[in-house]
Amino acid sequence: MTTFRRYYDSLTPAQRTDIAARANTKPIYLYQIATGVRKPSPDMAKRLHAASGFAVPLASLRPDIWDQM
């Protein structure tokens, strides 16, 4: 499973900006999620999952919700 941190680290700054725009957020918020400072809401987790082209599983973004399913 690809973690969001691994995925984030693999992106160029331009790609991070693009993913943030597609998820309707800001690049700094992606950084905060990747470093564990913030936890995405369930809605944001779904948007990041889709914006990543489904490369980042929902369970890696919010294991407290989707690991249980």
Candidates THR12, THR25, THR35; GNM for the chain (alpha-carbon contacts under 10 Å) flags as most fluctuating THR12
Measure of exposure for ILE28: accessible area at 1.4 Å probe, Å² rounded to 10, is 100
If each K or R counts +1 and each D or E counts -1, the residues other than ALA45 whose Cβ falls under 10 Å of its Cβ total +3
Rounded to one decimal in nm, the spacing of the 7 Å Cα→Cβ label points at ALA21 and ASP43 is 2.2
Calculating Cα extents along the principal axes in Å from this structure picks out, from (1) 34, 21, 20; (2) 43, 33, 20; (3) 46, 23, 22, entry (1)
Calculated from DSSP helices alone, with each H run of at least 4 adding -39500 (n - 2.57) and the total divided by the residues of the chain, [θ]222 nm to the nearest 500 comes to -16000 deg cm²/dmol
If one builds a Gaussian network model of the chain from Cα atoms under 10 Å apart, the most fluctuating residue listed among ALA55, ALA45, ALA23 is ALA55
Quick tally, 1.4 Å probe accessible area for ARG47, ARG22, ARG62, sorted with the most first, runs ARG22, ARG47, ARG62
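The values are calculated or read from the model by the stated rules, or taken from the named source; none is laboratory data. Computed from a predicted structure; not experimentally measured. Don't worry about glycine lacking a Cβ; one is built from the backbone with ideal geometry, like all the others, and counts go over all protein chains shown. Accessible surface is based on the protein model in full, side chains and every heavy atom, while ligands, DNA and RNA are left aside. Shrake-Rupley method; radii C 1.70, N 1.55, O 1.52, S 1.80 Å.
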